[in-house]
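What follows is calculated from the coordinates using simple rules that are stated; it is not laboratory data. Please read these numbers as outputs of a predicted model, since none were measured by experiment. Ideal geometry is used to build each Cβ from the backbone, glycine not excepted, and the neighbour counts take in all protein chains shown.
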Amino acid sequence: MRWTVRAARPDDAAAIARIYVASWQRAYRGIVDDAVLDRMLPESRLPNWQRKLVLPEPSGVFVSVDEEGRIGAYCAVDEVREADDAHPDLGTGELEAIYADPEFQGTGAGHEVHEHALRHLVGQGFRYAVLWVLQDDESSRGFCEAHGWRHDGVVDRFELEGQQLPEVRYARFLSPPRGRQISTARR
């Protein structure tokens with residue numbers, strides 16, 4: 001299967017919301033309470049994605065699409081959200097979300113969109129990035145580690161409808177393309 005990556009458009013919001021919910025319901029079964037997962041609806045996520053898709057740079061949402069135009073995965077990146085997550089000396093971006101449609105997991109859609117999103121962060125002047133993963137999500141942790149992310153020892157708790165879910169922070173350095181200097185003066 002061949003994937004092409006492009007910037008997500010406002011009309012992709014419904015597909016992204018559907019993938020978000022389907023991914024959570026599949027990946028987090030046994031980690032997140034079943035009742036919480038069963039109540040999730042794409043429609044409830046739609047307003048959030050409609051807002052996110054029109055944010056200015058450095059924010060970016062990217063999708064992998066197949067030859068038929070179906071979205072196989074998406075990745076959202078931006079400037080780091082929490083000051084405590086920022087590297088003390090380097091402009092820090094954050095991979096806020098990456099999810100593959102369960103139908104397309106293992107086809108390379110997630111890999112392609114991940115690589116594109118990191119290049120976007122580099123192009124925005126970031127030299128370091130973080131992401132957060134649920135501690136018990138072994139599949140996502142394996143994906144991150146296979147893509148150069150390393151757990152930096154930071155553990156926090158994410159509360160979801162009364163359930164305390166431990167999450168771990170991953171980080172990595174971002175390298176500019178060879179032969180090209182990236183200014184970090186903005187960061």
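Taking amide H atoms as placed 1.01 Å from N in the peptide plane, the amide H of residue 96 lies under 5 Å from those of 76, 77, 78, each 5 or more residues away in sequence or on another chain. The amide H of residue 73, built 1.01 Å from its N in the peptide plane, has 64, 101 as neighbours under 5 Å, considering only residues 5 or more places off or on other chains. With a cut-off of 9 Å between beta carbons, the residues surrounding residue 170 carry a summed charge of +2, where Lys and Arg count +1 and Asp and Glu -1.
Using Stokes-Einstein with the Kirkwood hydrodynamic radius over Cα pairs, what translational diffusion coefficient do you get for segment 1-84 at 20 °C and a viscosity of 1.002 mPa s, in µm²/s rounded to a whole number? Taking Rh from Cα pairs, D becomes 153 µm²/s. Panel values: segment 1-144, Kirkwood radius from alpha carbon pairs, Stokes-Einstein at 37 °C and 0.692 mPa s, translational diffusion coefficient 210 µm²/s. Of the Cα atoms belonging to segment 101-140, the radius of gyration and Dmax stand at 12.6, 34 Å.
What is the antiparallel percent of DSSP beta bridges lying wholly in segment 20-133, to the nearest 5? The antiparallel fraction comes to roughly 75 percent.
Working from Cα pairs under 8 Å separated by at least six residues, relative contact order for segment 51-150 is 27 percent.
If a spin label sat at a point 7 angstrom from the Cα of residue 81 along the line to its beta carbon, the backbone N atoms of segment 98-137 nearer than 17 Å would be those of 98-99, 129-135. Over segment 4-173, Cα pairs under 8 Å with separation of 6+ residues give a relative contact order of 21 percent. Neighbour counts of C-beta atoms inside 10 Å place 101, 11, 66, 137 in the sequence 11, 66, 137, 101, starting with the fewest.
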